[in-house]
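Chemist: Just passing along the structure, written as structure tokens.
The values are calculated or read from the model by the stated rules, or taken from the named source; none is laboratory data. Quick caveat, the model's predicted, so the values are computed rather than measured. Positions of Cβ are generated from backbone atoms using ideal geometry, with glycine treated the same way; all protein chains shown enter the neighbour counts. The accessibility values were calculated without ligands, DNA or RNA, using every heavy atom of the protein model including side chains. Shrake-Rupley method; radii C 1.70, N 1.55, O 1.52, S 1.80 Å.
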Amino acid sequence: GADPEVRVGDLLPTVVGADDDGAAVRERFPDAPDELYGGMLRVGLEPDPGVVDIVSPAIGQFVVALDGLEVAVGDTTVVLETAEVEATEAGVAVTPSAEVRFSKPGVFTRALRVAIHAEAAFFFLVAGLALVAFEFYSAGPGVAAATGLVALLLAGYGMAVLPVRWWAVALTLAGVLLYTVEFQRNDLGWKSLLGTGLLVGGGLSFIDGSGQLAPLWWGVLLVVASAAFFFAVALTTVVRARFSTVTIGREGLVGRVGVAVSAFDPDGVVEVDGARWRATSYRAAGIGPGSDVRVVAVDGIVLDVEPADADGVADETSQ
């Protein structure tokens, strides 16, 4: 059954459970017209043999229309009795034999249904990875990480249900990674451009079901544009506010001595005059939590540091 003006199709290409030429689908729907294979058919006001047996604008009318239908159940044939005929002052009324009610799914079920759309699964994957990066660099209370975890779980459900192309998922992961690398260096260069291209390619190729299932191109572009804005503007602004101090300008930090909060490889976090900063060191050997470091340069919101006793070590070595 179907509502009037519903579009039906297309049956090919098949996504799951059929061979490449669609033989299994044609065997299952032998009476389907040829236009359903590789095309769409719009349902009219009357049934279309081989496609739609009942055209009904309301669920109650659909249940009534099922009355008298023969259904094979195992080796027996069952005749459905779904309607009641009552005499009224206006004539004869045909009503469903049982009360017809809609069962509204819960929030959890509705969230899972959203995740099985191709562009939605792509969005949840990108958003989850971006929120994890946000939590890592902002050193927040964990709200972003929890939200990112929920997004990744929804993305995982969508990818488990949809016929995803895993190489497209790999392109998406690589694109977010390139964005993260560029953000870490406080730069917008070729890595960001390449990351944008990878995200667009991964999003448009996310699932292998063209014809029946395909991501909306404008939805993919919207997700990619949002990710680019997040890494280029939003994340940079939040991290700058988190790791900055109102009493000391960035340029005034050069020469100051601080303490390493984390290990360096070669990036880490330092604390200078009570404020935490992201930092990097080309002389990371020996820098660990609690090590004294000296600021030698400032690159955007990233400090270049070296061990505080680096000059002394160098002098001893030269002697």
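Matching residues to (1) of a type in the set (Val, Ile, Thr); (2) in contact with a Lys or Arg (Cβ under 7 Å, 6 or more places away or on another chain); (3) closer than 24 Å to VAL261 by Cβ:
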{"residue": "ILE116", "(1), (2), (3)": "yes, no, no"}
{"residue": "LEU125", "(1), (2), (3)": "no, no, no"}
{"residue": "TRP166", "(1), (2), (3)": "no, no, no"}
{"residue": "GLU182", "(1), (2), (3)": "no, yes, yes"}
{"residue": "GLY189", "(1), (2), (3)": "no, no, no"}
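Chemist: Can we say VAL71 is over 19 Å from ALA2 (Cβ atoms) and either open to solvent by 70 Å² or more (accessible area, probe 1.4 Å) or out of contact with any helix residue (DSSP H, G or I) (no Cβ under 6 Å at 6 or more places or on another chain) (or both)? Walk me through how you get there before you give the answer.
Modeler: Numbers: over 19 Å from ALA2 (Cβ atoms): no; either open to solvent by 70 Å² or more (accessible area, probe 1.4 Å) or out of contact with any helix residue (DSSP H, G or I) (no Cβ under 6 Å at 6 or more places or on another chain) (or both): yes.
No, not satisfied.
Chemist: To continue, here is another question. Only one of these conditions is not met by GLU81: (1) at pLDDT 80 or above; (2) of a type outside the set (A, V, I, L, M); (3) surrounded by 14 or more Cβ atoms within 10 Å (Cβ to Cβ). Which number is it?
Modeler: (3)
Chemist: Looking only at the stretch 214-244, filter to residues that are touching a Gly at 6+ places or on another chain (Cβ under 8 Å) and modelled with pLDDT under 90; which one of those is surrounded by the fewest Cβ atoms within 10 Å (Cβ to Cβ)?
Modeler: Restricting to residues being touching a Gly at 6+ places or on another chain (Cβ under 8 Å) and modelled with pLDDT under 90, the top hit is ARG242.
Chemist: Here is a further query. Report yes if some residue within the stretch 101-110 is without any contact (Cβ under 8 Å) to a residue 12 or more places away in the chain and of a type in the set (A, V, I, L, M, F, W, C); otherwise report no.
Modeler: Within the stretch 101-110, one or more residues are without any contact (Cβ under 8 Å) to a residue 12 or more places away in the chain and of a type in the set (A, V, I, L, M, F, W, C).
Table: residues versus (1) among the β-branched types (Val, Ile, Thr); (2) open to solvent by less than 20 Å² (accessible area, probe 1.4 Å); (3) part of a helix (DSSP H, G or I); (4) at pLDDT 90 or above.
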site: PHE122; (1), (2), (3), (4): no, yes, yes, yes
site: GLU135; (1), (2), (3), (4): no, no, yes, no
site: GLY140; (1), (2), (3), (4): no, no, no, no
site: ALA145; (1), (2), (3), (4): no, no, yes, no
site: LEU149; (1), (2), (3), (4): no, no, yes, yes
site: TYR157; (1), (2), (3), (4): no, no, yes, yes
site: THR172; (1), (2), (3), (4): yes, yes, yes, yes
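Chemist: Let me ask something else about it. Give the residue that is modelled with the lowest pLDDT, with candidates limited to residues of the stretch 90-119 that are open to solvent by less than 60 Å² (accessible area, probe 1.4 Å) and small (Gly, Ala, Ser).
Modeler: Result: GLY91.
Chemist: Scanning the stretch 289-319 for residues that are in a loop (DSSP other than H, G, I, E, B) and over 14 Å from GLY258 (Cβ atoms), which turns out modelled with the highest pLDDT? Working first, answer last.
Modeler: Going residue by residue through the stretch 289-319, those that are in a loop (DSSP other than H, G, I, E, B) are 289-291, 300-301, 308-309, 319.
Adding the requirement that they be over 14 Å from GLY258 (Cβ atoms) leaves 300-301, 319.
Numbers: GLY300: 71, ILE301: 74, GLN319: 38.
Among those residues, the one meeting the criterion is ILE301.
Chemist: Condition first: in a loop (DSSP other than H, G, I, E, B) and either surrounded by fewer than 15 Cβ atoms within 10 Å (Cβ to Cβ) or at pLDDT 90 or above (or both). Now tell me which residues in the stretch 201-213 satisfy that. It would help to see each step written out before you state the result.
Modeler: So the first thing to find is which residues in the stretch 201-213 are in a loop (DSSP other than H, G, I, E, B), and the list is 205-206, 208-213.
Across the stretch 201-213, the qualifying residues are SER205, PHE206, SER210.
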